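Contents: one structure, followed by commentary.
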Amino acid sequence: MLNEEHVTKSFADLNNRTGPGAANRTLEILKNMLGKAEVWGYRLENTNPCRSVRPNKRRQCERFLSAEELARFGEVLPDLRASDNLTIRSGCAVITLLLQTGCHYREILTLQWRDVKRNRLLLRDSKTGPRTVWLGSAAQEVIDNLQRHPKISGLFWNYQYRRPISSIQHLWPTILQRADLGKLRIHDLRHTFASHAAMSKETLPMIGRLLGHANHQSTALYAHLDDEHVLDATQQIWNAVQHLLA
């Protein structure tokens, strides 16, 4: 029977081969599976060996694009979208939609035309299960301007090789360099979407719904505030307190 020693060794091996994040996710899945095994009577109660294995500390990422950085980002994208290289245009459309929807990278990259329903996307296989992503007018325009290929069901395809785009990693460094953004992951566009939603006074439940989160704790890790907004909130609170004291 699977015991604590097996899980500990496997967890250590995963840390070495895949990294702390992937190891944590695997441990959580295994913990849930063995928990179900106890409920269904396949294991004795309170024998889940994963409970005694401590997961890796989560590294909270606070990287998101400031208003100034977004302006530079916005200056670079139109130039690339006007490129004679249609594959670059397609890749820029992926990046634009990531920023406009807050979706995961693979959710946008693997979109099929059957997933597009006018002003919404029907994601069949998101990280939290099937969900609907609502599209603003700018995001709809991006999709409307995409060229379809009669034999390719995906939205984004390589115009030279006539096949779906599998990655935009070749395009990303060019954008970062031209916009002078330093180190930035594609996933940080999701943080940017959430953070600017928070700075626009959207609530965590609403932001969580937009991101497809199952709980508000996950949303809190994404929605960061820049110093200016924190200072503004502090001033507003003090003004209210001062009014009461007067």
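Bear in mind that the values in this text are calculations on the coordinates, not laboratory data. Predicted, not measured: the structure shown is a model, and the values here were computed from it. A quick note on method: Cβ atoms are made from the backbone with ideal geometry, for glycine too, and the neighbour counts reach across all protein chains shown.
Using the Karplus relation 6.51 cos²θ - 1.76 cosθ + 1.60 with θ = phi - 60°, the per-residue 3J(HN,Hα) values for region 100-107 come to 7, 10, x, 6, 6, 3, 5, 5 Hz, with x marking Gly and Pro. Amide hydrogen proximity for Leu135: with H placed 1.01 Å from N in the peptide plane, the residues at 5 or more positions away or on another chain lying under 5 Å are Arg120, Leu121.
When every Cα-Cα distance of the chain is counted in 5 angstrom steps from zero, the calculated P(r) takes the values 1, 5, 10, 13, 14, 14, 12, 10, 8, 6, 4, 2, 1, 0, 0 percent. Once C-alpha pairs closer than 8 Å and six or more residues apart are averaged by separation and normalised to the residue number of the chain, the relative contact order reads 18 percent. Once you reduce region 154-170 and region 6-55 to the center of their Cα atoms, the two points are 37 Å from each other.
Working from label points 7 Å from Cα in the Cα-to-Cβ sense, the Thr18 to Arg185 distance is 1.5 nm.
Please give the FRET efficiency for Tyr161 paired with His6, using the beta carbon to beta carbon distance and R0 = 45 Å, rounded to the nearest 0.05.
On the way: r = 45 Å, r/R0 = 1.00.
Here the calculated transfer efficiency is 0.50.
Can you put Ser195, Ser83 in order, fewest other beta carbons within 10 Å first?
Fewest-to-most ranking of Ser195, Ser83: Ser83, Ser195.
Can you tell me how much longer the chain between Asn215 and Ser52 gets when fully stretched, taken as 0.36 nm per residue apart minus their C-alpha distance, in nm with one decimal?
Details: separation 163, 0.36 × 163 = 58.68 nm, distance 2.43 nm.
Computed gain between Asn215 and Ser52 is 56.3 nm.
Can you show me the helix-derived [θ] at 222 nm for the chain, built from DSSP H runs with n ≥ 4 at -39,500 (n - 2.57) apiece and divided by the number of residues, rounded to the nearest 500. Display every interim value, and only then the final one.
Working: 11 runs with 132 residues, N = 246.
So the calculated ellipticity at 222 nm is -16500 deg cm²/dmol.
Set the bar at 29 Å for Cα to Cα. Now go through Lys36/Lys201; Lys117/Lys151; Lys36/Lys57; Lys9/Lys183; Lys9/Lys57; Lys117/Lys183 and name every pair that lies beyond it. Beyond 29 Å between Cα atoms: Lys36/Lys201; Lys9/Lys183; Lys117/Lys183.
How would you rank Trp40, Trp157, going from fewest to most other Cβ atoms within 10 Å of each one's own Cβ? Kindly include the intermediate steps, with their values, before the conclusion.
On the way: Trp40 8, Trp157 21.
Listed from fewest to most nearby Cβ atoms, that is Trp40, Trp157.
If the chain linking Tyr42 and Gln140 were pulled fully straight, counting 0.36 nm for each residue of separation and taking away their Cα-Cα distance, it would gain 30.3 nm. Spacing of the modelled spin labels on Ser66 and Asn32, each 7 Å from Cα toward Cβ, amounts to 3.8 nm.
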